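To keep things clear, I will list the structure first and then write my remarks on it.
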Amino acid sequence: MHCLRTLSGANSRVLRLLAKNGAEKPLLGGNSCVLDRMWTLNQRLCWGIASQKPKSYVEPTAMDCKPLSSLEDMLFYTITEGEERIPVSRFISALKSTGLLTSDPRLTDCMHHLRRSVQDSAGGAMMDRDLFRKCVGSNLVLLTQAFKKQFIIPDFEAFTSNINQLYDQAERQGGSPSLWGVSLCTVDGQRHSVGDTKVPFCLQSCVKPLGYAVAVHEAGTEHVHRYIGKEPSGFKFNKLSLNEEEKPHNPMVNAGAIVVSSLIKPGSNKAEKFDLMMDFLKGMAGGEYVGFSNATFQSEKETGDRNFAIGYYLKEKRCFPRGADMIAALDFYFQLCSIETTCESGSVMAATLANGGICPITGERVLSGEAVRNTLSLMHSCGMYDFSGQFAFHVGLPAKSGVSGAVLLVVPNIMGLMCWSPPLDKVGNSIRGIHFCQELVSLFNFHNYDNLRHFAKKLDPRRPAGDDRNISVINVMFAAYSGDVSALRRFALSAMNMEQQDYDSRTPLHVAAAEGHVDAVVFLTEHCRVNPFIKDRWGNSALDDAMQFGQESVVKVLQEYQRTHLLLESQSDSEDHGKLKAVDSVV
């Protein structure tokens, strides 16, 4: 189709405006002023200029001239690269390449329509504009950000390729059993898993920062820290010791975690406390798997002599709030350690912490910003047992480990990870998990103190791969030189500036005109509406180049387009002048 199939999407100035509005206005809908302007522009360009097209232009049918009435159409042609219909499987593959999973709660309606389409189709299900509109629904902004690479990690496939390599390196660290899994979730809900990521395991000590976060969220920082300190202890995590104020050193050691258990929903019975904690954890995991191991719970109670000793010591020193039952607090602590998760659901919990307490895949606020900030601070200084100082030095990120082999890692404002491998080192941390975290920070600039502007030796996955303007110019110029209209269409639909200039100030229109590519010139003029009067360093316009190189068919197209362009510019100026006069009269 040669008329408006790509007209509105190809206009780079309008697309930049749409992309900006799409990013800034999460409730962008069909009645927005941007889409109203787009509808008007489509109608004017399609119906008002059709009679002025050059002779070399093939007159479109009425069906082809149907205006693109919404942002859904522009997004559709961005995904399909200008095709009218694509297999549903191709759309699913494109979706997964952005990092979004088909199980994402935000895409429930979209996946429902796709499943119905697949069921109703006799052969391979195809996606057209109508089906795409149904699928997009309320996910327009999310999918626009995904396919225009506006998520926190734009080139997600390249990033996950590196993650897979780090996984393989860590796997060779050995140990038995050989179970080993890594899952990650970004603050935009991009997901990736590799290895044994669906096998349930107990959180054990990884639940300590989560319990502390819930306590602070419910009762506030001041109340919680009347009973618990904030400093690393310098002792083993299960040692009977208190700080100078007769408090547990921090919430990440057993004594602190037991006191935290008494601060969650005080005055309630154990069942109510447990239900509250499970609700919070399921909210952090976005509704993904959170279970309970009764066998582990019973084992913890039967072999928990050290924790009972700590409990009685805390009771003797009056560390519990008034009215708290020490045995009930211990029982609840054992329950929390026996809660099960998987790498996949655990990574969403970590991402909720990375996202300031808002679950990335549901958009629901689970924890307050205060609770998250305090939790991450203590994870950074006290979260890795006797290895906390070295981990903070080498990795520089908040983390918590557990004797089940889990490592919960948070990269603030970027992503959360859950690593799991049962073989432990001498201080109780996962051997593979520690190695993976160290290699992750060696490759990417995630360390808290990596300089983002001058640390050139590390990769920054937040930087788009096509961010370099020189690469952008080379790509669009080569497409114009070779007359590749399909490539030009892709660049235009991805909001690339189709008027950008090279070192000689030549535009793609200059290059296409000089080479005599009529179709490319028609696309740049009729669809992208580029300025035909831009001059290069020698003072030549695209028309001058076409005349110089004897491209007669291109000369005719450009002469006609220059007249049309001047007409549209004068109409636009008169409209602006009229609006200005109206404003002046109101003033």
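The values are calculated or read from the model by the stated rules, or taken from the named source; none is laboratory data. Because the structure is predicted, anything quoted here is derived from the model rather than measured. Here the Cβ is made from the backbone with ideal geometry for all residues, glycine too, and neighbour counts use every protein chain on show. When the accessible area is computed, the model is the full protein with side chains, heavy atoms only, and any ligands, DNA or RNA have been set aside. Shrake-Rupley method; radii C 1.70, N 1.55, O 1.52, S 1.80 Å.
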### Query
Do you know which residues across region 340-393 are surrounded by fewer than 19 Cβ atoms within 10 Å (Cβ to Cβ), out of contact with any helix residue (DSSP H, G or I) (no Cβ under 6 Å at 6 or more places or on another chain), hydroxyl-bearing (Ser, Thr, Tyr) and more than 16 Å from Asn413 (Cβ to Cβ)?
Ser381
### Task
Quickly run through region 488-508 and pick out the residues that are of a type in the set (A, V, I, L, M, F, W, C) and either at pLDDT 95 or above or assigned to a loop (DSSP other than H, G, I, E, B) (or both).
Ala495, Met496, Met498
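So that you can scan it fast, the table gives a plain yes or no per residue for (1) open to solvent by 30 Å² or more (accessible area, probe 1.4 Å); (2) under 15 Å from Val207 (Cβ atoms); (3) free of Cβ contacts under 8 Å to residues at least 40 places away in the same chain; (4) under 39 Å from the mean Cα position of the chain (by Cα):
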| position | (1), (2), (3), (4) |
| --- | --- |
| Asp279 | yes, yes, yes, yes |
| Ala295 | yes, no, yes, yes |
| Glu302 | yes, no, yes, no |
| Ile327 | yes, no, yes, no |
### Message
Filter region 359-387 down to the residues that are part of a loop (DSSP other than H, G, I, E, B) and over 26 Å from Ile434 (Cα atoms) and list them by number.
### Response
Ile361, Thr362, Gly363, Glu364, Val366, Leu367, Ser368
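Could you tell me whether Val182 is open to solvent by less than 10 Å² (accessible area, probe 1.4 Å) and farther than 24 Å from Ala146 by Cβ?
Details: open to solvent by less than 10 Å² (accessible area, probe 1.4 Å): yes; farther than 24 Å from Ala146 by Cβ: no.
In short, no.
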### Query
Given (1) acidic (Asp, Glu); (2) part of a loop (DSSP other than H, G, I, E, B); (3) without any contact (Cβ under 8 Å) to a residue 40 or more places away in the chain, where does Glu222 come up short, assuming only one miss?
(2)
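Here is a yes/no grid of residues against (1) modelled with pLDDT under 85; (2) on the phi < 0 side of the Ramachandran plot:
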position: Asp104; (1), (2): no, yes
position: Gly123; (1), (2): yes, yes
position: Met127; (1), (2): no, yes
position: Asp130; (1), (2): no, yes
position: Gly137; (1), (2): yes, no
position: Phe147; (1), (2): no, yes
position: Phe151; (1), (2): no, yes
position: Pro154; (1), (2): no, yes
position: Ala170; (1), (2): no, yes
## Note on the structure
Flagged pairs (Cβ under 8 angstrom, 6 or more apart or on separate chains; first in region 364-391, in contact (Cβ under 8 Å) with a residue 12 or more places away in the chain; second open to solvent by 20 Å² or more (accessible area, probe 1.4 Å) and among the aromatic types (Phe, Trp, Tyr)) are Val366/Phe280; Leu367/Phe280; Tyr385/Phe237; Asp386/Phe237
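Which residues, counting only those in region 515-558, are basic (Lys, Arg) and open to solvent by 60 Å² or more (accessible area, probe 1.4 Å)? Talk me through it step by step, then tell me what you get.
Keep residues of region 515-558 that are basic (Lys, Arg), which gives 529, 535, 537, 556.
Selection gives Lys535, Arg537, Lys556.
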### Task
Only residues that are in a loop (DSSP other than H, G, I, E, B) and among the aromatic types (Phe, Trp, Tyr): list them for region 177-210, please.
Trp180
### Message
I want to confirm something. Restricting to region 411-451 and keeping residues that are under 27 Å from Pro177 (Cα atoms) and among the charged types (D, E, K, R), which single residue is least open to solvent (accessible area, probe 1.4 Å)?
### Response
Arg432
### Message
Could you check region 96-129 and list, in sequence order, the residues that are in a helix (DSSP H, G or I) and of a type in the set (Asp, Glu)?
### Response
Asp109, Asp120
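Does Glu171 qualify as being closer than 30 Å to Ser430 by Cβ, in contact (Cβ under 8 Å) with a residue 40 or more places away in the chain, under 22 Å from the mean Cα position of the chain (by Cα) and surrounded by fewer than 20 Cβ atoms within 10 Å (Cβ to Cβ)?
Working: closer than 30 Å to Ser430 by Cβ: yes; in contact (Cβ under 8 Å) with a residue 40 or more places away in the chain: yes; under 22 Å from the mean Cα position of the chain (by Cα): no; surrounded by fewer than 20 Cβ atoms within 10 Å (Cβ to Cβ): yes.
Spelling it out, it is not the case that Glu171 is closer than 30 Å to Ser430 by Cβ, in contact (Cβ under 8 Å) with a residue 40 or more places away in the chain, under 22 Å from the mean Cα position of the chain (by Cα) and surrounded by fewer than 20 Cβ atoms within 10 Å (Cβ to Cβ).
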### Task
For Thr144, work out the one condition from (1) open to solvent by 20 Å² or more (accessible area, probe 1.4 Å); (2) in a helix (DSSP H, G or I) it doesn't fulfil.
(1)
### Message
Being within 30 Å of Met415 (Cβ to Cβ) and either out of contact with any helix residue (DSSP H, G or I) (no Cβ under 9 Å at 6 or more places or on another chain) or open to solvent by 30 Å² or more (accessible area, probe 1.4 Å) (or both) is the requirement here; does Ser193 meet it?
### Response
yes
### Task
Report, by residue number, each residue of region 488-514 that is of a type in the set (A, V, I, L, M, F, W, C) and open to solvent by less than 10 Å² (accessible area, probe 1.4 Å).
Leu488, Ala492, Leu493, Met498, Leu509, Ala512, Ala513
### Message
If Tyr212 satisfies all but one of (1) within 27 Å of Arg462 (Cβ to Cβ); (2) buried (at least 24 other Cβ atoms within 10 Å of the Cβ); (3) among the aromatic types (Phe, Trp, Tyr), what's the number of the condition it fails?
### Response
(1)
### Query
over 21 Å from Leu166 (Cβ atoms), in a helix (DSSP H, G or I) and either at pLDDT below 90 or of a type outside the set (Asp, Glu) (or both) - does that describe any residue in region 441-461?
no
### Query
Can you name the residue in region 82-133 that is under 24 Å from Gln150 (Cα atoms) and among the polar types (S, T, N, Q) and, of all such residues, is surrounded by the fewest Cβ atoms within 10 Å (Cβ to Cβ)?
Ser93
